[in-house]
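K.L.:
Just passing along the structure, written as structure tokens.
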Amino acid sequence: MWETVSAAVIGTSHRDLNGVCQDRCAVLCTQQGDRQWLAMFVADGAGSAPMAEVGAELAVTAALSFVESLMGRVEFGLSDNLAVELVKDVRSSIYLEASRSGHSARDYACTFLGLLSSELGTLAFQVGDGGIVIDSGDSMFVAIKPMSGIYANMTHFVTEEDAIDHLVCEFFPNIAQRAAVFSDGIQRLAINMDSNTPHEPFFSSFFDVLATIKPEKRNQLQGALESFLDSDQVNERTDDDKALALAVLRV
Amino acid sequence: MSESEDFDQIRFACNDFAMNAEPRCPCLLLLDVSGSMNGKPIDELNAGLDQFRDELAGDSLAMRRVEVGIVTFGPIETVTPFTAAAAFSAPHLQARGDTPMGAAILQGLEMLEARKAEYKANGVPFYRPWVFLITDGAPTDEWKRAADKIREGEDGKKFAFFAVGVEGARMDILQELSVREPLKLYGLRFRELFQWLSASMKSVSQSALGTEVKLTSPAGWASV
């Protein structure tokens, strides 16, 4: 089973502006029969979209329900198709809410990143910026090349008409021993941008704690991650919202 | 909550290396603070260091990438262990003592090697370090070993060593110490020197790792 923790914390610029954190994240450890599954999701609401935090929340919630229903299936493949199916569910959930409340889907604009892993392998997928780092036993790597729009400060959102065209998927044949999914607020700290490699010391400080945590201390993890994400040392480096989901496989 | 319970709290803590994935650009200053530097020269050197700090502070990339270390001689003292430019405050140096330049170079280069080992251990890439020696005299100790180390380091591209002679410096000895041509400071133009140094550090810190940066001419403050 994986030891997990996740948290989303408002950035200093948003705190000053409107006090709303537009990042969301979730981790789920679940089972399909005897097989254990890890699911991790992060959505980063667009600063320019008025309902962005609702969009991010809907995205993560829809993804979790997708995984829960997936566990009822006898068989499914870890493929691009599965990621497309999941992202379509995320989109329907947002489009439904938009039409129900008289908004446009664009008002809910958010990025979306996901990871599914079991002994069958690991599927990573994302629309927009943010990052996914995986260690399947040999070394830590960035699962998907960072993406941006035509301009440096432009990204893609799961709410766009052609979101599926911007969905990038990667399949890895091994189970994720250690994994992290995070929004772009963390990207600058966690990735060596020149070489597109994970900055290992950053992740090690979290993975080491998760790998050795005692059961009675688990309830402290979330608070500890929130404190870290809201610490001066993080806020000095980024004023953006930041979401970070982490998992370490323990045998 | 008792102190021991508090100590047991789960914390996610990151050191500076874990928090900053930027490649580092170390700059080691070996500064002569012997008695002969007393008065105007040491004042101007201090003003130069202040300027150095301010110029680095004005460049956000340099702030994240440049690290400064300072060893003074005589006597030999590590005034500033390698420190991120963001946390660097210029020391106020006082002139006294003799000129144990040879031993100071060796100590500085050891400090540099130790820092490089830390970069490696923490997975932080780094640029070729710069070592900058400034003196107004001649070594009062044995300096041949230091010269060998400098030659070795330059040959192995382990660092770039620059020697600057202030009025009164034994340029002939600097010539033997340094593989690169030593520079002769005009008067007490320490501020111009440090302006040039910070501009050079900025160029290096903006360059791709492993590429040679073309240096601007030091003509504003020194002659070769």
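Bear in mind that the values in this text are calculations on the coordinates, not laboratory data. What you are looking at is a predicted structure, and each value in this text was computed from that prediction instead of being measured. Every residue, glycine as well, gets a Cβ built from its backbone with ideal geometry; the counts of neighbours run over all protein chains shown.
K.L.:
For the stretch B:40-79, with the dipole built from +1 on Lys and Arg beta-carbon atoms and -1 on Asp and Glu ones, taken about the Cα centre, which of B:Pro41, B:Thr72, B:Ala62 lies farthest toward the positive end?
P.N.:
Of the candidates, B:Ala62 comes out farthest on the positive side.
K.L.:
Further question on the same structure: As a test of the formula, what do you get for chain A when each DSSP H run with n ≥ 4 contributes -39,500 (n - 2.57) and the sum is divided by the residue count, at 222 nm and rounded to the nearest 500 deg cm²/dmol?
P.N.:
Result for chain A: -10000 deg cm²/dmol, rounded to the nearest 500.
K.L.:
Enumerate the amide H contacts of A:His199 below 5 Å, restricted to partners 5 or more residues apart or on another chain; note that Pro and chain-start residues carry no placed amide H.
P.N.:
Amide H to amide H, under 5 Å and 5 or more residues apart or across chains, A:His199 pairs with A:Ile191, A:Asn192.
K.L.:
Suppose every Lys and Arg Cβ carries +1 and every Asp and Glu Cβ carries -1, with no other charges. What dipole size does chain A come out with about its Cα centre, to the nearest 20 debye?
P.N.:
The dipole magnitude comes to about 480 debye.
K.L.:
Could you grab the Rg to Rh ratio for chain A? Cα atoms only, Kirkwood for Rh.
P.N.:
Using only Cα positions, Rg/Rh for chain A is 0.94.
K.L.:
Something else: Can you give the net charge of the other residues whose Cβ lies under 10 Å from the Cβ of A:Ala224, counting K and R as +1 and D and E as -1?
P.N.:
Once positives and negatives cancel, what remains is +1.
K.L.:
Report the one residue of B:Gln175, B:Cys25, B:Thr99 whose Cα lies farthest in the direction of the positive end of the charge dipole of the stretch B:22-209 (charges on C-beta: Lys and Arg +1, Asp and Glu -1; origin at the Cα centre).
P.N.:
Toward the positive end, the furthest listed residue is B:Cys25.
K.L.:
Continuing with the same structure: To make sure I understand the rule: partners must be lysines, Cα under 21 Å from the Cα of A:Lys88, and not fewer than 8 residues away in the same chain. Which ones qualify?
P.N.:
Partners within reach: none.
K.L.:
Taking a threshold of 26 Å on the Cα-Cα distance, which of the pairs A:Lys145/B:Lys116; B:Lys116/B:Lys144; A:Lys145/A:Lys242; B:Lys40/B:Lys214; B:Lys157/B:Lys214; A:Lys145/B:Lys157 fall above it?
P.N.:
Values: A:Lys145/B:Lys116 29 Å; B:Lys116/B:Lys144 24 Å; A:Lys145/A:Lys242 19 Å; B:Lys40/B:Lys214 33 Å; B:Lys157/B:Lys214 16 Å; A:Lys145/B:Lys157 32 Å.
Those over the limit are A:Lys145/B:Lys116; B:Lys40/B:Lys214; A:Lys145/B:Lys157.
K.L.:
Mind putting a number on the dipole of the stretch A:144-232 about its Cα centre? Charges go on the C-beta only, +1 for Lys and Arg and -1 for Asp and Glu, and I need it in Debye to the nearest 20.
P.N.:
480
K.L.:
What is the distance in Å between the Cα centres of the stretch B:198-223 and the stretch A:26-74?
P.N.:
50
K.L.:
Using a simple spin-label model with points 7 Å from Cα along the Cα→Cβ vector, what separation in nm is obtained for A:Val84 and A:Gln222?
P.N.:
My value for the distance between the label points is 3.6 nm.
K.L.:
Where in chain A are the DSSP H helices whose alpha-carbon span along the long axis reaches 20 Å or more and whose Kyte-Doolittle mean is at least -0.5?
P.N.:
Those that clear 20 Å and a mean of -0.5 are A:52-70, A:80-101.
K.L.:
At q = 0.16, 0.18 Å⁻¹, what base-10 log of I(q)/I(0) does the Debye formula yield for chain B when every alpha carbon is treated as an equal point scatterer in vacuo?
P.N.:
Relative scattering, expressed as log10 I(q)/I(0), comes to -1.08, -1.38.
K.L.:
I want the antiparallel fraction of DSSP beta bridges within the protein assembly as shown, as a percent rounded to 5. Don't skip to the end; give the middle numbers.
P.N.:
Working: 58 of 80 bridges.
Given both bridge residues lie in the protein assembly as shown, the antiparallel proportion sits at roughly 70 percent.
K.L.:
Same structure, new question: Suppose each label sits 7 Å from its Cα in the direction of the beta carbon; what would the A:Asn18-A:Glu160 distance come out to in nanometres?
P.N.:
Spacing of the two 7 Å Cα→Cβ label points: 2.1 nm.
K.L.:
Spelling out what I want: for every residue of the stretch B:82-89, take phi, set θ = phi - 60°, compute 6.51 cos²θ - 1.76 cosθ + 1.60 (Karplus), and round to whole Hz; glycine and proline get x.
P.N.:
Values per residue, Gly and Pro as x: 3, 9, 4, 3, 5, 10, 6, 10 Hz.
K.L.:
While we're on this one: Name the aspartates and glutamates eligible as straight-distance cross-link partners of A:Lys217: C-alpha to C-alpha under 15 Å, and not fewer than 8 places from it in the same chain.
P.N.:
Within the straight-line cut-off, A:Lys217 pairs with A:Glu3, A:Asp208, B:Glu5, B:Asp6, B:Asp8.
K.L.:
Only bridges with both residues in chain B count here: give the DSSP antiparallel percent, nearest 5.
P.N.:
Restricted to chain B, the bridges split so that about 25 percent are antiparallel.
K.L.:
I've got another one for you. Using only DSSP helix segments of four residues or longer, with each worth -39500 (n - 2.57), what per-residue ellipticity at 222 nm results for chain B after dividing by its residue count and rounding to 500?
P.N.:
Theoretical 222 nm ellipticity from helices: -12000 deg cm²/dmol.
K.L.:
Moving on. Can you find, among A:Ala59, B:Gln195, A:Ser79, the residue sitting farthest towards the positive end of the charge dipole of the protein assembly as shown, where Lys and Arg contribute +1 and Asp and Glu -1 at Cβ?
P.N.:
Of the listed residues, the answer is B:Gln195.
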